[in-house]
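The values are calculated or read from the model by the stated rules, or taken from the named source; none is laboratory data. Every value quoted in this text rests on a predicted model; they were computed, and no experiment measured them. Cβ sites come from the backbone with ideal geometry, for glycine too, and all protein chains shown count toward neighbours. Heads up: the accessible areas ignore ligands, DNA and RNA and are worked out on the full protein's heavy atoms, side chains in. Shrake-Rupley method; radii C 1.70, N 1.55, O 1.52, S 1.80 Å.
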Amino acid sequence: MASSASTATGVEHPEQPSRRDFLYIATGTVAAVGAAAALVPVVSQMNPDASTLAAGGPVDLDISKIEPGQQVVVRWRERPIFVFHRTPETLKTLQDKQLLSELADPNSQQVQQAPYAANWHRSIKPEFGVLVGICTHLGCIPLFYPQPNATTPVADWLGGYFCPCHGSKYDAAGRVFSGVPAPYNLPVPPYSFVGNTTIRIGENPSGSTWDFGSIRQL
Ligand code: FES
């Protein structure tokens, strides 16, 4: 178990998902706002503790700053980690029977998450989703479209993640739709709560020895 954790926060504003705005906060300081920033450079700009990140150590995130409907992107082991503060509407949608019928693995039976996230919301607390933001098809970074929309990014969108590379769709819990190129749900990294408002990405909750290397596909 790692003994230290770095702290990093980047807030993604969902109001205009086609305009990739990100606000970065590192250790409580607003670092940068990139109106046209793509996700990869945004994530690479966050460098709260280079030695900790290089060692693959855990990253602490203060989730009290994330408004409902917003997403934060954190870098862990050189991967983007999406932390989404889900709204009550989003949580309701995750249990929608029509949605569930369109998902490839609605009950998270494939090992793409620890047992403590193998539930309908694929997380420890329903209101906070934590996902590895790498498409399980060929590794692109899915885009965040949290709001339902009749036409964007595709017709009858219910909210979630859309991979523009080959059109894979995931719901707001990272569950992949049937009939798209991606074969598996987005992975959930090991994480735990350190107090009520801080999560530690990269470390299981006390009592869990789950190995992230056991997932089916990254
Ligand atoms: S890499 Fe995401 S759909 Fe191909």
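Below is a table of values for the structure above.
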item: Residue-normalised accessible area of region 65-174, expressed per residue, 1.4 Å probe, Å²; result: 42
item: Net charge, residue 198 excluded, C-beta distance under 14 Å - Lys, Arg +1, Asp, Glu -1; result: 0
item: ³J(HN,Hα) computed for each position of region 117-131 - Karplus, 6.51 cos²θ - 1.76 cosθ + 1.60, integer Hz, glycine/proline x; result: 10, 8, 9, 5, 9, 6, 7, 6, 10, x, 6, 10, x, 10, 9
item: Heavy-atom accessible area order for 210, 120, largest first, 1.4 Å probe; result: 120, 210
item: Net length gained if the chain between residue 92 and residue 105 were fully extended (0.36 nm per residue, minus Cα distance); result: 2.9 nm
item: Relative contact order (percent, whole number), region 77-163, Cα cutoff 8 Å, 6+ residue spacing; result: 28
item: With eigenvalues of the C-alpha gyration tensor scaled by 5 and rooted, region 102-155, Å; result: 22, 15, 12
item: Intensity falloff of region 133-203 expressed as log10 I(q)/I(0), Debye formula with alpha-carbon point scatterers, at q = 0.20, 0.21, 0.23 Å⁻¹; result: -0.80, -0.84, -0.94
